[in-house]
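As structure tokens, the structure follows; a few thoughts come after it.
The values are calculated or read from the model by the stated rules, or taken from the named source; none is laboratory data. Everything numeric here is computed off the predicted structure, so don't read it as measured data. Using ideal geometry, Cβ is built from the backbone for each residue, glycine included, and neighbour counts are taken over all protein chains shown. Each accessible area value is taken on the protein alone, full model and side chains, heavy atoms only, with ligands, DNA and RNA left out. Shrake-Rupley method; radii C 1.70, N 1.55, O 1.52, S 1.80 Å.
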Amino acid sequence: MRGHPAWELLLPAAAAPARQRGRSLQEALREAVRTGRLAPGTRLPSSRALAGDLGVSRGLVTEAYEQLTAEGYLRSDHGSGTWVGGAARAAARGVRDLAPRAPGMRVDFHPGTPDLSLFPRSAWGAAQRAVLAELEHRQLGYPDPRGLPGLRSAVAALLARRRGVVADPERLVVCSGVAQAATLLGFALRARGLRTVGVEDPGSPEHAKLFAATGLDTVGLPVDTDGLVPGPLAASGVRAVVVTPSHQFPSGIAYTAGRRAELLDWARSVDGFLLEDDYDGDFRYDRAPVGALQGLDPERVAYAGSVSKSLAPGLRLGWMLVPEALLDEVVERKRTMDLGNPALDQAVLARFVTDGGYDRQLRRCQRAYRERRDALVTALERHFPGTEVTGIAAGLHVIARVPPAYGPTPRFLDRARAVGVTLRAAEDYGTARFDDGAVRLVIGYAHLTPKEITLGVGLVAGAYGG
């Protein structure tokens, strides 16, 4: 047995410090079995012989054999020795990173992406240190599934002040962003007997995927320049719909006051509910943001938001203000889904909000994103004369209508890709099709510097000889 190549794997374990030697020997044997270096059916040397080969005590080898036999890696036949069992299989190797990105592109105008370099590391670190010094031990236990009371109170006050919502901390649920808010609401609606939810068309394709995970179908409902169109909504038969009234994605319009009133009248008439996705409601550049729809009827509108655009999506922190009729089901779903968001992260965000850090961060982002939007509009006007930028001056993206001379859209996108620029067509976000030959784009800019924005537009123009 001394010459068996697998025993060489055990030599480093035998040379480990005395207190670690037993555990190291067991792990080395496990690895040899998992990887097939010790094949199923291989007879192992006696504990005395292996101990002599490795220069360790016989008791150490005996203990390793007994432990791995109990775990199923080895089998022992009384009186006939120890053998490698057949239960173990090697795990798949390699760790993949599935985070979305556009590899190899010079400029990616992906819409809705914030600038992560603006994350307030120093201020966030100071809040974290303060929380660690002051947080009571009991607060590190399982939290209220709705969220820490301190965070719910801080966010409720913030939303009432900045977004004009009716913000009762008892009806605010801290969740992992708007995505989880939609999922929680979907389960609550299904429990009430609903089977279909309306979504904006054009709109975010993610909503349909999220509701599908809860067993709900979705139906696309048209949006015009005033907002969701009432006729198709009434004819659809749905009793719940997702809306982005402060800055509709992707068209960029804000729902008019009249359309908001019609939407609420519809919800009351069908005993229905609205999910208001206020994904970028804080970012308006030409005037104060329009207040949230939820403030007009908190019993018909579930309001969802997050820090994904203002701080970082990787924090996975958001909130939902829930109508009373749906609250118990939403809270119970949140409890069974994950037992609540991490208490430490919640406490840090609460501190950051109450100390004024969040307001300062919003002002910082607004200045940066306004400058970048201006840089994009200027570059489009310079390089593609006649381009129309539609929608309100808000958010993290624009809709651009490039003249037909640069079309059709597939050719425009292909030329952009050829020079290392990624762009998205408006047609990717809904069923509407246009026959005027113009190129309609949804262009994100917040994550790019003015220099990168100008470069990207210039590269595409260069593909046209501009």
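Is it the case that Asp355 is free of Cβ contacts under 8 Å to residues at least 60 places away in the same chain and surrounded by fewer than 22 Cβ atoms within 10 Å (Cβ to Cβ)?
Values: free of Cβ contacts under 8 Å to residues at least 60 places away in the same chain: no; surrounded by fewer than 22 Cβ atoms within 10 Å (Cβ to Cβ): yes.
Judged against the criteria, Asp355 is not a match.
Please count how many residues of segment 12-35 are assigned to a helix (DSSP H, G or I) and either of a type outside the set (A, V, I, L, M, F, W, C) or touching a strand residue (DSSP E or B) at 6+ places or on another chain (Cβ under 7 Å) (or both). Before the answer, list the steps.
Of all residues in segment 12-35, those assigned to a helix (DSSP H, G or I) come to 12-14, 18-34.
Filter again for either of a type outside the set (A, V, I, L, M, F, W, C) or touching a strand residue (DSSP E or B) at 6+ places or on another chain (Cβ under 7 Å) (or both), leaving 12, 19-24, 26-27, 30-31, 33-34.
Final tally of qualifying residues: 13.
Yes or no: Arg129 surrounded by fewer than 17 Cβ atoms within 10 Å (Cβ to Cβ), free of Cβ contacts under 8 Å to residues at least 60 places away in the same chain and either touching a strand residue (DSSP E or B) at 6+ places or on another chain (Cβ under 6 Å) or not in a loop (DSSP other than H, G, I, E, B) (or both)?
Numbers: surrounded by fewer than 17 Cβ atoms within 10 Å (Cβ to Cβ): yes; free of Cβ contacts under 8 Å to residues at least 60 places away in the same chain: yes; either touching a strand residue (DSSP E or B) at 6+ places or on another chain (Cβ under 6 Å) or not in a loop (DSSP other than H, G, I, E, B) (or both): yes.
Yes: the conditions hold for Arg129.
Here is a list: Val421, Val460. Which entry is at pLDDT 95 or above, in contact with a Gly (Cβ under 8 Å, 6 or more places away or on another chain) and surrounded by 18 or more Cβ atoms within 10 Å (Cβ to Cβ)? Reasoning before the result, please.
On the way: Val460 fails: in contact with a Gly (Cβ under 8 Å, 6 or more places away or on another chain).
Only one candidate qualifies: Val421.
Can you report the number of residues in segment 293-303 which are in a strand (DSSP E or B) and free of Cβ contacts under 8 Å to residues at least 40 places away in the same chain?
At the first step, the residues of segment 293-303 found to be in a strand (DSSP E or B) are 301-303.
If we keep only those that are free of Cβ contacts under 8 Å to residues at least 40 places away in the same chain too, we end up with 301.
Number of matching residues: 1.
May I ask you to verify whether Glu299 is farther than 29 Å from Gly356 by Cβ and under 25 Å from the mean Cα position of the chain (by Cα)?
Working: farther than 29 Å from Gly356 by Cβ: yes; under 25 Å from the mean Cα position of the chain (by Cα): no.
No: the conditions fail for Glu299.
So, in segment 132-157, exactly how many residues are farther than 11 Å from Leu172 by Cα and either open to solvent by less than 40 Å² (accessible area, probe 1.4 Å) or in contact with a His (Cβ under 6 Å, 6 or more places away or on another chain) (or both)?
Summing the residues that are farther than 11 Å from Leu172 by Cα and either open to solvent by less than 40 Å² (accessible area, probe 1.4 Å) or in contact with a His (Cβ under 6 Å, 6 or more places away or on another chain) (or both) in segment 132-157 gives 3.
Among the residues that make up segment 203-218, is at least one of them in contact (Cβ under 8 Å) with a residue 40 or more places away in the chain, among the aliphatic types (A, V, I, L, M) and either in contact with a strand residue (DSSP E or B) (Cβ under 8 Å, 6 or more places away or on another chain) or under 13 Å from Ala302 (Cβ atoms) (or both)?
No, segment 203-218 contains no residue that is in contact (Cβ under 8 Å) with a residue 40 or more places away in the chain, among the aliphatic types (A, V, I, L, M) and either in contact with a strand residue (DSSP E or B) (Cβ under 8 Å, 6 or more places away or on another chain) or under 13 Å from Ala302 (Cβ atoms) (or both).
Could you check how many residues of segment 158-184 are open to solvent by 60 Å² or more (accessible area, probe 1.4 Å) and touching a residue at least 40 places away in the same chain (Cβ under 8 Å)?
The first filter runs over segment 158-184 and keeps only residues open to solvent by 60 Å² or more (accessible area, probe 1.4 Å), leaving 161-162, 166, 168, 170.
If we keep only those that are touching a residue at least 40 places away in the same chain (Cβ under 8 Å) too, we end up with 162, 166, 168.
Qualifying residue count, segment 158-184: 3.
Quick one: Arg106 ticks every box in (1) in contact with an Asp or Glu (Cβ under 9 Å, 6 or more places away or on another chain); (2) surrounded by 15 or more Cβ atoms within 10 Å (Cβ to Cβ) except a single one, so which number is it?
Going through (1) in contact with an Asp or Glu (Cβ under 9 Å, 6 or more places away or on another chain); (2) surrounded by 15 or more Cβ atoms within 10 Å (Cβ to Cβ) one by one, Arg106 breaks only (2).
Identify all residues within segment 72-94 that are more than 17 Å from Ser46 (Cα to Cα) and in contact (Cβ under 8 Å) with a residue 12 or more places away in the chain; write none if there are none. Spell out how you get there, then give the answer.
So the first thing to find is which residues in segment 72-94 are more than 17 Å from Ser46 (Cα to Cα), and the list is 72, 86-94.
Correct list: Gly72, Gly86, Ala87, Ala88, Arg89, Ala90, Ala91.
Being part of a loop (DSSP other than H, G, I, E, B), closer than 19 Å to Ala304 by Cα and not acidic (Asp, Glu) is the filter here, so list the residues in segment 254-292 that pass it.
Within segment 254-292, the first condition is being part of a loop (DSSP other than H, G, I, E, B), and the residues that meet it are 254-256, 270-272, 278-283, 285-292.
Remaining after also requiring closer than 19 Å to Ala304 by Cα: 254-255, 272, 278-283, 289-292.
Correct list: Ala254, Tyr255, Gly272, Tyr279, Gly281, Phe283, Pro289, Val290, Gly291, Ala292.
Given the structure, is Ala70 assigned to a helix (DSSP H, G or I) and surrounded by fewer than 15 Cβ atoms within 10 Å (Cβ to Cβ)? It would help to see each step written out before you state the result.
Numbers: assigned to a helix (DSSP H, G or I): yes; surrounded by fewer than 15 Cβ atoms within 10 Å (Cβ to Cβ): yes.
In short, yes.
Quick one: what pairs do we get from segment 267-289, first residue in contact (Cβ under 8 Å) with a residue 60 or more places away in the chain, second open to solvent by less than 40 Å² (accessible area, probe 1.4 Å) and acidic (Asp, Glu), C-beta under 7 Å, 6+ apart or different chains?
Pro289/Asp282
When you scan segment 150-165, do you find a residue that is over 29 Å from Glu427 (Cα atoms) and part of a loop (DSSP other than H, G, I, E, B), even just one? Break it down stepwise before answering.
Step one: filter segment 150-165 for residues over 29 Å from Glu427 (Cα atoms), giving 150-165.
From what is left, the residues that are part of a loop (DSSP other than H, G, I, E, B) are 164-165.
The answer is yes; a qualifying residue exists.
Can you tell me which residues in segment 185-224 are in a helix (DSSP H, G or I), surrounded by fewer than 21 Cβ atoms within 10 Å (Cβ to Cβ) and small (Gly, Ala, Ser)?
Within segment 185-224, Ala191, Ala208, Ala212 qualify.
Against the definition (under 21 Å from Tyr255 (Cα atoms) and either under 23 Å from the mean Cα position of the chain (by Cα) or modelled with pLDDT of 95 or more (or both)), how does Leu396 come out, yes or no? Give the steps one after another, and end with the answer.
Details: under 21 Å from Tyr255 (Cα atoms): yes; either under 23 Å from the mean Cα position of the chain (by Cα) or modelled with pLDDT of 95 or more (or both): yes.
Yes, satisfied.
Per-residue answers, yes or no, for (1) more than 30 Å from Ser306 (Cβ to Cβ); (2) touching a residue at least 24 places away in the same chain (Cβ under 8 Å); (3) part of a loop (DSSP other than H, G, I, E, B); (4) open to solvent by less than 20 Å² (accessible area, probe 1.4 Å):
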{"position": "Leu362", "(1), (2), (3), (4)": "no, yes, no, yes"}
{"position": "Cys365", "(1), (2), (3), (4)": "no, yes, no, yes"}
{"position": "Tyr369", "(1), (2), (3), (4)": "no, yes, no, yes"}
{"position": "Leu376", "(1), (2), (3), (4)": "no, yes, no, yes"}
{"position": "Leu380", "(1), (2), (3), (4)": "no, yes, no, yes"}
{"position": "Arg415", "(1), (2), (3), (4)": "yes, yes, no, no"}
{"position": "Thr431", "(1), (2), (3), (4)": "no, yes, yes, no"}
{"position": "Phe434", "(1), (2), (3), (4)": "yes, no, yes, no"}
